[in-house]
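The block underneath contains the structure these notes are about, expressed in structure tokens.
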Amino acid sequence: MALHEISFLIEPQEGYESIPVDWAHNGVVGSGDMELLMQKTDSAAVQVNIVTPVAGYDAIWEKVLRKFVAEARLGGVSIEINDNNSTPYVVATRLKQGLLEAKAGERE
Amino acid sequence: MKAWEELISSSFYEATARQRAHGLVDAGTFNELGGPNKRLKSPHLPELGEAVSFDDGVVTGVGRIGARPVFVISQEGRFIGGAVGEVGGAKTTAIFQMALRLHDKIAKKYPEDASLRAPAIIYSFETGGVRLHEANAGLLAHAEQMELIQECRGKVPVISLIGSKVGCFGGMGFVSISTDVVVMSELGRIGLTGPEVIEQEMGKKEFDSSDRALIYRTTGGKHKTIMRDCSFLVDDTIGAFRDQVKTLLNMPYEQLKKYRSIGSLKLVQEQLSLVALAAVLQPKDSTDVWAHFGNDNPEGIPDMELEEFCRKAKLRHREVE
């Protein structure tokens, strides 16, 4: 019954970059949607924390997140997600949007 | 987040709570208080296996409109229907308290023109009322807000903005109508019991919740304007709501308070006379009420453009001016 929590660490690649702002938030926890909070950290590894009502898909979450972190060459950042039944495709899209907005936030 | 210029021309109906909060005040002035990085989540929802949100479904903060400090409360309907729980309720209550404290400071410093320097509160409702998962705390939040709205009278103008997807229902219907002014778009809806609940309790014959036209005739912005529950009907853009707020902020409180629906014995008597009217009129549909208030072609009202409606529609005469 209780919410399902997933936590794991992703080692960053060579030449990784953090986000240009202290923290960035994106998305709304609507049905089939999620919110993303990224925060700059001192450690290089990416700490991921996911809170979701759905259990049993930990491996898929990890796959989507690892792919995102690798492609974006992210490091020195924590990723927190509050999910409400998003599909892996929605998760991947929200992660990309979140990073884009975090980068746009610097320009403002 | 969209650029501010883009936000003000965006649909108010479709905007997220955070977009509305940023767009309603001057460009770049919105400062979120208790924002997502503070992680103020509901402690109750995880126990029930329900998704949580870092802002608990309400965006709170302060910005400026011209020289005036403007506190903003903006509910997010996508998160559990914008329902009010313990944490979101406390965030909202805190905004009222901060606005009152700031008012007192300003009134002390500028006693001669405090009313035009004082902070205001704009409250963008998108909610079904109490969050049933934490109903006691949610109800308490309703009661606290009702009390704070009364405390704000004559000090801090409180303006309700209603034009979002979920509308404003349940106990929050009461809260929204007890502020100084109600601004709506045609797509805004205010009610007590939501359409689906009426159908569930009283049957489809009493109220067909799949009949969108019926829902708008009964709870929508045009009906609420004719009934004088809503004082200003505006276009469905964040900018149109913002412009109306700007106009209201330039009014002295003596003028602003004339838009109140409750708050004095006379106003309550006026509301009661409407209950009596309903008993006499026995309306079968809102169109019967519109006709009673002098609209010759009530069936044509739902299709009118905003400009035509504002020009032609006959509104209920207010006894207390």
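The values are calculated or read from the model by the stated rules, or taken from the named source; none is laboratory data. The shown structure was predicted, so the numbers you read here are calculated from the model rather than taken from an experiment. Cβ atoms come from the backbone with ideal geometry, glycine included; neighbour counts cover every protein chain shown. Heavy atoms of the whole protein, side chains included, go into the accessibility calculation; ligands, DNA and RNA do not. Shrake-Rupley method; radii C 1.70, N 1.55, O 1.52, S 1.80 Å.
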Checklist outcome for this item: By residue number, the members of region B:89-129 that are out of contact with any Leu (no Cβ under 8 Å at 6 or more places or on another chain) and of a type in the set (S, T, Y) are B:T92, B:Y110, B:S115, B:T127
Next on the checklist: For region B:42-55, give me the residue count where each residue is within 8 Å of chain A (Cβ to nearest Cβ) and open to solvent by 60 Å² or more (accessible area, probe 1.4 Å).
Outcome noted: 3
Checklist entry - Within region A:1-18, can you find the residues that are surrounded by 12 or more Cβ atoms within 10 Å (Cβ to Cβ), under 29 Å from B:G57 (Cβ atoms) and away from chain B (no Cβ under 11 Å)? => result A:I6, A:F8
Checklist entry - Taking region B:253-281 only, how many residues are outside any helix (DSSP H, G or I) and closer than 15 Å to B:D229 by Cα? => result 4
Next on the checklist: So for region B:75-86 (the condition being buried (at least 24 other Cβ atoms within 10 Å of the Cβ) and assigned to a strand (DSSP E or B)), does at least one residue qualify?
Outcome noted: yes
Next on the checklist: I need a count of the residues in region A:9-40 that are assigned to a loop (DSSP other than H, G, I, E, B), closer than 19 Å to B:F54 by Cα, free of Cβ contacts under 8 Å to residues at least 60 places away in the same chain and not aliphatic (A, V, I, L, M).
Outcome noted: 4
Checklist outcome for this item: Being open to solvent by 20 Å² or more (accessible area, probe 1.4 Å) and either touching a Ser or Thr at 6+ places or on another chain (Cβ under 9 Å) or modelled with pLDDT under 95 (or both) narrows A:N49, A:N82 down to just A:N49
Next on the checklist: Restricting to region A:59-98, give me the number of residues that are of a type in the set (V, I, T) and part of a helix (DSSP H, G or I).
Outcome noted: 6
Next on the checklist: Quick check on this structure: which one of B:T29, B:T60 is hydroxyl-bearing (S, T, Y), over 19 Å from A:L37 (Cα atoms) and either part of a loop (DSSP other than H, G, I, E, B) or away from chain A (no Cβ under 12 Å) (or both)?
Outcome noted: B:T29
Checklist entry - Could you say whether any residue in region A:19-31 is surrounded by 18 or more Cβ atoms within 10 Å (Cβ to Cβ), more than 10 Å from chain B (Cβ to nearest Cβ) and in contact with a strand residue (DSSP E or B) (Cβ under 9 Å, 6 or more places away or on another chain)? => result yes
Checklist entry - What helices (runs of 4 or more DSSP H), lying completely within region B:167-251, carry at least 1 residues that are within 15 Å of the chain's Cα centre (by Cα) and in contact (Cβ under 8 Å) with a residue 12 or more places away in the chain? => result B:171-177, B:212-219, B:221-226, B:238-249
Checklist entry - Quick one: which of B:A67, B:A17, B:A3 is free of Cβ contacts under 8 Å to residues at least 60 places away in the same chain, among the aliphatic types (A, V, I, L, M) and within 10 Å of chain A (Cβ to nearest Cβ)? => result B:A3
Checklist entry - For region B:141-158, what are the residues that are open to solvent by 10 Å² or more (accessible area, probe 1.4 Å) and assigned to a helix (DSSP H, G or I)? => result B:H142, B:A143, B:E144, B:M146, B:E147, B:L148, B:Q150, B:E151
